[in-house]
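The structure appears below as structure tokens.
The values are calculated or read from the model by the stated rules, or taken from the named source; none is laboratory data. No experiment lies behind these values; they were computed from the predicted model shown. Glycine gets a Cβ as well: all are built from the backbone with ideal geometry, and neighbour counts include every protein chain shown. What goes into the accessible areas is simple: the full protein's heavy atoms, side chains included, and nothing from ligands, DNA or RNA. Shrake-Rupley method; radii C 1.70, N 1.55, O 1.52, S 1.80 Å.
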Amino acid sequence: MIEWNKIKNEKDFSAFFNFAIATEDTVLLSQCIDSLEKYKPTNTCIILKYLDYYHEKLDTVYHSSFFLFDNCEYLRHIKDRNIVFINIDSYNSVQIEYSDSSYSDYHKLLLTLFDTTGDSYDLPEYLIANFNKEEYIARKLGTFISCEMSPDTLNEKATWRKLIKTNKQVLEVYEKIRDYKSLKIFECEFKELYDLERKFIMNLVPVFIENYFYYSFINIPPPPPPPPIKGNGSDK
């Protein structure tokens, strides 16, 4: 309640979303969703991002809560094989796609992609990371979540809940993958690692999440039909 009282009279969409991700209070969540709907971005270029990774060359940890980012003048140059696409349609059904193939479980998909060791155009690109003279593969993989939040969405509150729940579950998946890597390499959970070990796991399992509103990477509408061909003048 204290945290909600700090932000409830603000117009900060990012603050509302971060509160919604963290709260377990259903009443406050409902109030928060009202604020999300009221102050949601209206420009389709505005996206919601989350970052949590380690930059090995700069020896810097980058962490942010969810924040709005103006994507209007940013040209996406990330290869599709480096992105897991998750879409929430106007009926609040979730679809997952990777490399033109559909999947039903993004937990298994993300775990599998981060745990692969091969080099293929069907897998994310990777860098070689070293620790204690051992080489490991660090996959370059992000998660893009699109939400078809159009004006005719069947139930706006349900759609917001689905978007919030999906982001929470994706974050939980990344936590589990980091724990899996930590146990496999260091025989203890991620939260128990020393600073150097923690940075290394963050390098192996970076978290890049982008949320897109009013748009789908999967259900792309067909182009409009071509205009009718005009006659040669003989039509009456």
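Numerical summary
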| read-out | value |
| --- | --- |
| Residue of 34, 122, 25 that the Gaussian network model of the chain assigns the largest fluctuation, springs spanning Cα pairs under 10 Å | 25 |
| The chain: radius of gyration over Cα atoms, expressed as a fraction of 2.2 N^0.38 Å | 1.20 |
| Within the accessible area of the chain (1.4 Å probe), percent carbon and sulfur | 52 |
| Unpartnered cysteines - no second Cys beta carbon under 4.7 Å - across the chain | 32, 147, 188 |
| Centroid-to-centroid separation of region 46-109 and region 129-204 [C-alpha atoms, Å] | 10 |
| Fluctuation leader among 183, 113, 58 - the chain, Gaussian network, Cα springs under 10 angstrom | 58 |
| Trypsin sites (Lys or Arg not before Pro) restricted to region 1-44 and DSSP loop, no more than 12 other C-beta within 10 Å | 11 |
| Reachable aspartates and glutamates from residue 8, criterion Cα separation under 15 angstrom, eight or more residues apart if same chain | 25, 34, 37 |
| GNM flexibility winner over the chain from 226, 41, 124 (Cα, springs under 10 Å) | 226 |
| By average C-beta atoms within 10 angstrom, highest first, the peptides 185-193, 155-163, 15-23, 129-137 | 15-23, 155-163, 185-193, 129-137 |
| Anisotropy class of region 142-215 from Cα gyration tensor, a/c 1.5 cut | prolate |
| Average Cα contact separation per residue, the chain, under 8 Å, 6 or more apart, as relative contact order % | 24 |
